[in-house]
Amino acid sequence: MTRLLLPALFLLLGPAAAAEETVAFKLSPPAGKLKLADTFIVKVEASFPQHYSLRPDTAALDTGSFELLSFTKTGESAKDGLKTENFDIKAQAFSLGVSTFPEVAWALYANGEASAKAASPQFLLTIDPAFEKTGKDEGIRDIYPPIAFVPWLWVILGALAAALVLYLLYRKYRARGVLVAAARAWTDGRSPYQRARDRLDRLEASPLAAKSLPKEFYIGLTSILRLYLGEEFLIDAELMTTADLARELKKTGADIKTTLRTREFLQKADLVKFAKLIPESAAEDAAELRDLLMEFTRAADRAKALAAEAAAEKARLARVGK
């Protein structure tokens, strides 16, 4: 990858726009080739009126293909009424192929108060696989089925055997109506949290953990989380990429700390599944998932309690109105 300079000139938004003041950005992307999960530095040089100071607006970041890890101011200078500030943006790549490094929002401050905004331009980066391809090309998929690690031959044989047993039982008891009555009476009384915990317990006790199969084990961990989010919050998590799911987490009502921890958990799992990262402790990550399930359940319980209170208040007002 050749080193590029990307100059851009943007009108400031806000009170300063009336004066047609401008801020100019010059971006220097990283030199050399980048691979999946590599960290790299983007150098930013910004020039603007001298009475301003510049800060990144981290609340407005789009982290779909890249994780922006830090912003570091590396220097500043002033000349002819203009100030120039330099920054290093440290980032990490999470998408293969040609990806768009996002537009970064910046706030300009005068006298300690934000008075204008600007945005540095987006640009393209090519991200190569973390490992060279071998003769057996397995391919990379963003979404794995929730039970991709199941031995399908034994599942099919088991299903056929179970179907045969059920058929024989049906023929034996159909005259009495026993099976129909039992089917109508049975319901799964477990909550989504309890089902997720049971799945996690089974996964931790499975050969996937005992035989040190990190890829398959982390497919199981993320599948448990995706199934839980679908059951508890009706989020179609099983069909979403990690980036899309991270954006949907705000619908759960969980606090920002929990959503950030979940995004980091999913991104780490992607590195294990797709970039062959060897995790330091799969057991600790399973415990992290256990904590995340509890936090999301608490958020769901709070939402249900508020909904119940609102419904009770609505019913009370209806009675008073009569």
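The values are calculated or read from the model by the stated rules, or taken from the named source; none is laboratory data. Predicted model, so just to flag it, every value in this text is computed and none were measured. Please note: Cβ atoms are built from the backbone with ideal geometry, for glycine as well, and neighbour counts cover all protein chains shown.
Provide a single number: the residues in the range 37-53 that are without any contact (Cβ under 8 Å) to a residue 60 or more places away in the chain, farther than 17 Å from K90 by Cβ and part of a strand (DSSP E or B). Number of matching residues: 3.
Would you mind telling me which numbered condition in (1) out of contact with any Pro (no Cβ under 9 Å at 6 or more places or on another chain); (2) at pLDDT 75 or above; (3) over 30 Å from A243 (Cα atoms) P15 fails? Against the list (1) out of contact with any Pro (no Cβ under 9 Å at 6 or more places or on another chain); (2) at pLDDT 75 or above; (3) over 30 Å from A243 (Cα atoms), P15 comes up short only on (2). Residues that are farther than 23 Å from K304 by Cβ, buried (at least 18 other Cβ atoms within 10 Å of the Cβ) and not hydrophobic (A, V, I, L, M, F, W, C): does the range 273-288 have at least one? Yes, some residue in the range 273-288 is farther than 23 Å from K304 by Cβ, buried (at least 18 other Cβ atoms within 10 Å of the Cβ) and not hydrophobic (A, V, I, L, M, F, W, C).
So that you can scan it fast, the table gives a plain yes or no per residue for (1) touching a residue at least 60 places away in the same chain (Cβ under 8 Å); (2) small (G, A, S):
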| position | (1), (2) |
| --- | --- |
| F265 | no, no |
| A283 | yes, yes |
| A286 | yes, yes |
| L292 | yes, no |
| F296 | yes, no |
| A308 | no, yes |
| E313 | no, no |
| R319 | no, no |
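The condition of being among the acidic types (D, E), outside any loop (DSSP other than H, G, I, E, B) and at pLDDT below 90 holds for only one of E295, E264, E284, E216, that being E216.
Taken over the range 95-109, the residue count meeting the criterion of being at pLDDT 80 or above, out of contact with any Pro (no Cβ under 9 Å at 6 or more places or on another chain) and more than 14 Å from F123 (Cβ to Cβ) is 1.
State whether the residues of the range 300-314 include one that is out of contact with any Pro (no Cβ under 6 Å at 6 or more places or on another chain), in the same structural domain as T242 (by TED's automatic domain parsing), closer than 15 Å to D255 by Cβ and buried (at least 17 other Cβ atoms within 10 Å of the Cβ). The answer is yes; a qualifying residue exists.
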